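Please read the structure below before turning to the comments.
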Amino acid sequence: AMREDSGRGWRHVVPSPKPKHVCDISLVDALVKRGTIVIAGGGGGVPVVRDAKGVRTGVPAVIDKDLTSAHIANVLGIEELLILTAVPRVAVNFGKPNKRDLDQVSLEELKAYHREGHFPPGSMGPKVDAAIRFLEGGGKRAIISRLDCAMAALRGETGTHVVQ
């Protein structure tokens with residue numbers, strides 16, 4: 001199916017299942033333990049299923065990159081996750097006169113804002129979903145911020161910090 005994409009043209013619409021397993025995650029773990037910077041799960045990765053013989057086959061779907069990052073971090077026991085986006089902080093009432101940036105927010109507060117509809121699926125929703133899944137999976141702190149603010153966000157100077 002084809003759908004219009006928020007004024008950015010048309011795109012194919014395919015299922016977006018949540019990540020359940022990352023193939024060869026043990027290799028990522030081994031490299032991380034050696035001090036290597038690993039880039040994994042870019043674009044969410046290619047979704048696959050195993051056939052009756054155990055052979056992996058790609059399926060027409062898209063795995064969300066932020067949920068994949070949260071999953072990888074949980075599997076590897078990483079305590080802090082930095083999720084990069086186009087804005088320095090998450091906001092409630094975004095685009096309205098009463099917009100309010102979130103500096104530090106508890107997991108429960110963020111979930112309540114999400115239920116209220118503050119984070120649309122096509123923009124901040126996937127980032128917030130990933131932060132929630134990461135913390136519910138054992139993470140200690142999820143940070144959402146902009147790439148050029150990454151180091152400042154890690155130092156606690158900017159970004160939205162979601163904590164238990």
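The values are calculated or read from the model by the stated rules, or taken from the named source; none is laboratory data. The structure presented is a predicted model; accordingly, all values stated were derived computationally and were not measured. As a convention, Cβ positions derive from the backbone with ideal geometry for all residues, glycine included, and neighbour counts pool all protein chains shown. Side chains included, ligands, DNA and RNA excluded: accessible areas come from the protein's heavy atoms. Shrake-Rupley method; radii C 1.70, N 1.55, O 1.52, S 1.80 Å.
For segment 62-119, what's the relative contact order in percent, using C-alpha pairs closer than 8 Å and at least 6 residues apart?
Numbers: 27 pairs, mean separation 12.5, N = 58.
Relative contact order of segment 62-119: 22 percent.
Using the Cα centre as the reference, give the magnitude of the dipole from point charges on the C-beta atoms of the chain (Lys, Arg: +1; Asp, Glu: -1; all else neutral), rounded to the nearest 20 debye.
Using only the charged Cβ atoms, the result is roughly 280 debye.
Which whole-number value in Å² is the accessible area per residue of the chain, probe 1.4 Å?
On a per-residue basis, 62 Å².
Tell me the carbon and sulfur percent of the accessible area for the chain, rounded to whole percent, probe radius 1.4 Å.
Answer for the chain: carbon and sulfur cover 55 percent of the accessible area.
Work out the FRET efficiency for Arg155 and Val55 from their Cβ-Cβ distance, taking R0 = 41 Å, and round it to the nearest 0.05. Could you put the intermediate results ahead of the total?
Working: r = 46 Å, r/R0 = 1.13.
So the FRET efficiency works out to roughly 0.35.
Let me have the relative contact order for segment 1-101, percent, based on Cα pairs under 8 Å that are six or more residues apart.
21 percent
List residues of segment 16-43, by number, whose backbone nitrogen lies under 15 Å from a label position 7 Å along Cα→C-beta of Glu136.
What the label zone holds, given the 15 Å backbone N cut-off, is 18-20.
What ³J(HN,Hα) values, in whole Hz, does the Karplus curve 6.51 cos²θ - 1.76 cosθ + 1.60 give for segment 45-54 when θ = phi - 60°, with x put for Gly and Pro?
Per-residue couplings from phi come out as x, 9, x, 9, 10, 9, 7, 4, 8, x Hz.
What's the FRET efficiency of Asn93 with Arg11 using the Cβ-Cβ distance as r and R₀ = 22 Å, to the nearest 0.05?
With a Förster radius of 22 Å, E is 0.20.
Can you count the Lys pairs in segment 48-164 whose Cα atoms are under 25 Å apart, with each pair 8 or more apart or on different chains?
Lysine pair count for segment 48-164: 10.
Test of understanding: what is the full-extension gain from Leu147 to Glu79, defined as 0.36 nm times their sequence separation minus their Cα-Cα distance?
Extra length available between Leu147 and Glu79 comes to 22.5 nm.
Dipole size in debye (nearest 20) for segment 3-85 around its Cα centre, Lys and Arg Cβ +1, Asp and Glu Cβ -1?
Using Cβ point charges on Lys, Arg, Asp and Glu, segment 3-85 gives about 300 debye.
Can you work out the FRET efficiency for the pair Met2 and Arg115, with r the C-beta to C-beta distance and R0 = 30 Å, to the nearest 0.05? Could the numbers behind the result be given before it?
Values: r = 31 Å, r/R0 = 1.02.
With a Förster radius of 30 Å, E is 0.45.
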